[in-house]
Amino acid sequence: MQESRVLPVLRRSENGGQSRLARRSRTRSLPAPPPTFLSVSGCSRFLNPLRYRCAWDARLTTEVLRAFLRSLFADQRRRARRRFGIPRGQCGSVTFIQRFGSALNLTPHFHVLVLDGVYPGPAHDLGSFVPLPPPETEDVARVLAGTARRILRIVERRGLDSSEDTLASDEPLLALLTGASIMF
């Protein structure tokens, strides 16, 4: 996969977003899919205690993903508004949650395929797509800061900054193995 010039977290998809469907659409009357970028992100990029909690708390994992996507989509809408005057662009993504790394260690993280632009109309009117230029370093920093801010609010709201570990009290062996796998 070709690396982006921004950070290794954001990478351009192969063929600049062109898929087999896009190549096929040139010979048929299918619309070409919009360009995309792949983002690998998630709990593994933050503190080990958060990774540990994400490993067994599906709701927390969902909230962390939502925080990342909201921050990313807010930045895409901001860039579309500033560059093209689109007031409320519609963004899109598909996410796969992966729980383990290549060494079978417990490393919850997300593989996110994000449209590299916005649809200018309402959600039900997806007729035209406006591609955005690649994100600059400042854009990536803004998404990261927004994600961190949102996750800190989640941690505070749920009281996760306390030392109480419900997994350790309910399933001590599972908690021990989970912690050891995350440290690997």
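Read-outs: derived from the displayed coordinates by stated rules, not from any lab. What you see is a predicted model; the values in this text were computed from it and never measured. Positions of Cβ are generated from backbone atoms using ideal geometry, with glycine treated the same way; all protein chains shown enter the neighbour counts.
So how do V94, V64, V118 line up by other beta-carbon neighbours within 10 Å, fewest first? Let's see the in-between values first.
On the way: V94 10, V64 27, V118 24.
Going from sparsest to densest Cβ surroundings: V94, V118, V64.
The L160 and N105 beta-carbon pair, evaluated with R₀ = 22 Å, returns a calculated FRET efficiency of approximately 0.50.
Remark: D75, D170, D165 ranked as D170, D165, D75, counting other beta-carbon atoms within 10 Å and listing the fewest first.
The stretch between A145 and R81, if pulled fully straight at 0.36 nm per residue, gains 21.0 nm over its current Cα-Cα span.
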